Each structure stands twice: as C-alpha cells, then as structure tokens.
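Just below is one structure, and these are the notes that go with it.
The values are calculated or read from the model by the stated rules, or taken from the named source; none is laboratory data. Nothing here was measured: the structure is a model prediction, and the numbers come from that model. FYI the Cβ positions are ideal-geometry reconstructions off the backbone, even for glycines, and counts take in every protein chain you see. Note: areas computed on protein heavy atoms with side chains; ligands, DNA, RNA excluded. Shrake-Rupley method; radii C 1.70, N 1.55, O 1.52, S 1.80 Å.
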Amino acid sequence: MTKKTIKDIQPKGKLVFLRLDLNVPLDDHGKITDDTRIRETVPTIRHLVSGGARVVLGSHMGRPKGEKKPRFSLKPVARRLGEILSTEVQFTGETTGSAIEQAKDNLKEGELLLLENLRFAAGETGNDREYAKQLSRGIDIFVNDAFGACHRSHASITAITDFIPLSVAGLLLEKEINFLKMALDSPPAKTTLILGGAKVSDKIPVVRNLINQSNAILIGGAMAYTFLKSRGIQVGNSIVDENALDICSEMMKESDQRGGLIHLPVDHVAAIKIEPNITVKMTKSGEDIPDNMMGLDIGIETIKTYTGIIGKSELIIWNGPMGVFEVNTFSAGTMEIAKAVASANATTIIGGGDSVAAVNQAGVADKITHISTGGGASLEFLSGKELPGIAALSDK
Ligand code: ADP
Ligand code: MG
C-alpha cells in the first residue's frame with residue numbers, strides 16, 4: 001500500500017477523527033437487524049484506544065438528504081458499539097457546534113465520542129469545505145476506515161483531509177485494498193470473475209478492466225440477457241439494458257479472440273413474472289426464452305459448466321447474484337454458485353450487498369476469504385478507477 005496506515009502513526013494523546021461506515025440496516029422500529037458493519041470497525045477502534053488516542057467517530061447512515069431525520073439517527077449505533085466494545089461511547093446528537101467542541105476538548109485518552117449522522121448536514125454529500133473545516137477542528141490525525149464510502153467525494157472522506165496534517169488508512173480499509181489490489185496487480189493464472197445482478201452499466205467497466213487478468217468470466221443474473229441479446233439470441237421479456245448492447249457486443253468479440261473467455265448462460269429458469277410458486281419453464285440448452293417470459297435464474301447445464309470452472313480456479317472474484325435469489329423458485333443458481341465458490345480451493349473475494357446476502361443465505365459466508373464491505377467501492381476499484389477517499393490519504 002502506497003498510503004500511510006494507522007501502523008505508521010503514534011496516536012498517544014492525539015485527537016483522532018475516525019471515519020467509519022456504520023450504515024447498518026434498521027427495521028421499522030429502529031432496531032439494528034445486522035450489526036456486521038459495526039463489528040468490522042472494532043479492530044481499528046481498539047488499535048487507537050490501546051494506543052492512547054482520543055477518538056472522535058463519524059459515519060453516515062442512509063440518505064437523510066441533509067435533514068435531521070430521527071429515523072436515520074446513529075443513537076442506536078452508539079449503544080450497540082458500546083455493548084460490543086464494553087465501554088462507553090459518548091453521543092451528543094450533533095456533528096458540529098459548541099457542544100461537540102466541548103465534548104472533544106473533554107475527551108481523555110482512550111475515550112470515544114460518536115458524532116450524529118454526518119449526512120444530517122447538507123455539506124457532507126456536497127463535499128463542502130466549510131463543513132469539512134468544522135469537522136476537522138482540533139483534530140490531529142484523520143483515519144479513514146470507511147471503504148464503502150471511499151468512491152464518494154464527501155466532506156468527511158475527501159475535503160476533510162485538506163484541513164488535517166496527517167490522513168491514514170484504518171485496518172479494515174487496508175485489508176480491503178490489499179485484497180483488491182492483489183486481484184488487479186498480481187492475479188494467479190486461473191482467475192475467474194463471476195458477475196451477475198442487475199446493474200450492467202456498473203459491471204461492464206469491471207469486465208473491461210479485468211478481461212486481460214481473467215482466465216474465465218462467468219456472466220449470470222439479469223445482466224446476462226443484455227449480453228445474450230447483443231449476440232442476437234432471443235431473450236423474451238428478460239431485463240435488457242438497451243444502452244449497453246453495443247459495448248456487450250464489443251466485449252463478446254474480444255472474448256471470441258481470446259478463445260471464449262466470457263461464458264454466458266445456455267439454459268434458464270423462465271417465468272411470466274417474478275412471483276413465488278409461479279409456473280416456470282426450464283429451457284433446454286440453447287433453446288430460446290419464450291416471448292412472454294423472462295429469464296430469472298441460470299439453468300442446470302449452466303450451473304454445471306460454471307461450477308466446473310469455479311472448482312479449477314485459484315482466485316475467484318464474485319459480484320452479483322445469478323438470478324432473483326430472494327424468491328425461492330429462482331434461487332437455485334445463486335445458491336449452487338455460492339456453494340461452489342465456498343468449497344473451491346481458491347482465494348475468494350465477494351462484493352455487493354445482494355451477493356453478500358446470498359452467501360449468507362447459502363450458509364457459506366465463513367468459507368469466503370474476503371467479503372468486501374463496499375459494493376459500489378469495490379466495483380469502482382476493480383474497474384481500475386482511483387477512489388477519491390484513498391487518493392486523499394497521506395503518501396508513505
Ligand atoms: P449486488 O448488490 O450484489 O451488487 P445487484 O444489486 O447488481 O447485486 O443485483 C441484485 C439484484 O439483481 C437482486 O435483487 C436480484 O433479484 C436481481 N436479479 C438477478 N438476476 C435477475 C434476473 N434474471 N432478472 C431480474 N432481476 C435479477
Ligand atoms: Mg444491490
């Protein structure tokens with residue numbers, strides 16, 4: 001890593017601003033339904049606390065659009081974090097202002113203060129310099145451990161670093177970067193990229209950037225239908241991104257020159273609409289999807305081919321489910337791929353909110369080498385883009 005990390009700093013007595021991604025899902029009653037993101041922040045917090053830092057924690061939650069909306073408050077997060085750490089996490093319900101300044105001044109070594117949702121101020125997503133300056137008041141060191149927000153130029157991610165002399169990566173951010181950089185810079189010979197899900201336009205740049213590093217690219221999910229249509233194959237009512245047809249066709253030509261590197265599904269589970277217990281058609285290998293139906297999962301032949309390739313891989317990068325896995329009728333493809341990835345004798349990296357949910361649903365999350373905490377950020381990184389939040393950190 002070319003950027004400084006918390007292993008390069010002496011935090012004792014320093015006032016540290018630690019930017020985290022504590023954007024956890026809440027139910028209708030404001031209860032945290034999954035605290036993975038909170039637990040992921042513990043190593044960096046412990047490192048700073050045991051090093052004697054006075055720590056100000058900041059995070060966003062949801063999209064309150066610059067307004068103080070109580071249902072996006074970080075108060076329940078402060079409580080949960082305190083329970084996990086077995087220590088008090090101070091919380092005043094503000095992000096800036098005199099109460100916060102006083103709380104910062106009063107922080108003793110090893111103590112923690114969590115700010116309210118940074119996006120309650122419009123300046124956060126606006127990357128406002130004045131807001132960044134207020135957040136940075138009195139801060140000696142900025143630590144970024146919010147990988148999932150590093151593709152955003154927001155005040156607490158980028159602008160803030162202009163007002164603090166030293167900006168470094170936290171342990172989680174460092175781990176994320178090391179895994180993804182390995183995939184980009186030194187992938188093993190048998191590297192397999194699996195892409196699925198719905199957002200073709202987000203994933204095409206990843207195909208383009210990794211086409212030379214990959215030994216096989218397996219396409220599934222809704223995005224497969226744009227690729228299939230670009231080859232002139234009938235896809236019925238399946239979701240197609242018309243704007244991406246040309247680029248898919250180009251990718252397929254490149255794939256042909258490389259001996260058929262990109263694999264598309266040959267059979268499908270199709271139905272008239274997305275509904276549990278609806279009658280499905282399992283198309284035969286090479287058979288068209290009927291005009292009134294959509295492809296909603298990969299079929300048995302495709303699963304066989306894909307799991308065979310997965311089993312021979314040394315590195316597997318997966319983003320995006322193979323079908324509408326939320327509905328039981330269309331989940332088999334994604335579940336089989338998840339199990340194959342988990343049991344492969346390979347380094348495995350998974351990113352994307354729905355993909356991570358799918359791996360959990362399959363019960364194999366603990367067999368994955370690295371589950372990325374940032375879907376969008378990991379896609380941009382794998383596309384070869386420089387993430388603004390990482391670029392802003394101090395060089396080694
Ligand atoms: P991730 O969150 O892992 O990056 P995406 O958000 O891109 O993944 O895509 C996940 C969504 O794609 C899921 O909600 C899933 O139901 C949907 N999906 C997958 N395959 C299909 C398909 N064939 N038709 C319609 N939707 C699909
Ligand atoms: Mg998603």
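Summary of values
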quantity	calculated
Sole exception among (1) at pLDDT below 95; (2) on the phi < 0 side of the Ramachandran plot; (3) outside any helix (DSSP H, G or I) for ARG208, by number	(3)
Criterion violated by ASN212 - all others in (1) closer than 19 Å to THR347 by Cα; (2) surrounded by 18 or more Cβ atoms within 10 Å (Cβ to Cβ) satisfied	(2)
Answer from ILE239, ILE247, ILE233 - the residue that is over 19 Å from ASN319 (Cα atoms) and either within 16 Å of ligand 1 (Cβ to nearest atom) or assigned to a loop (DSSP other than H, G, I, E, B) (or both)	ILE233
Helices (runs of 4 or more DSSP H) completely within region 316-390 that count 2 or more residues being open to solvent by less than 30 Å² (accessible area, probe 1.4 Å) and within 13 Å of ligand 2 (Cβ to nearest atom)	353-361, 375-382
Looking only at region 290-329, and only at residues there that are over 23 Å from GLY374 (Cα atoms) and of a type in the set (Gly, Ala, Ser), the one that is nearest to ligand 1 (Cβ to nearest atom)	GLY295
Test for GLY221: is it surrounded by 19 or more Cβ atoms within 10 Å (Cβ to Cβ) and not hydrophobic (A, V, I, L, M, F, W, C)	yes
The listed residue being without any contact (Cβ under 8 Å) to a residue 24 or more places away in the chain and under 16 Å from ARG46 (Cα atoms), out of GLU111, GLU83	GLU83
Sole exception among (1) open to solvent by 50 Å² or more (accessible area, probe 1.4 Å); (2) at pLDDT 95 or above for THR92, by number	(2)
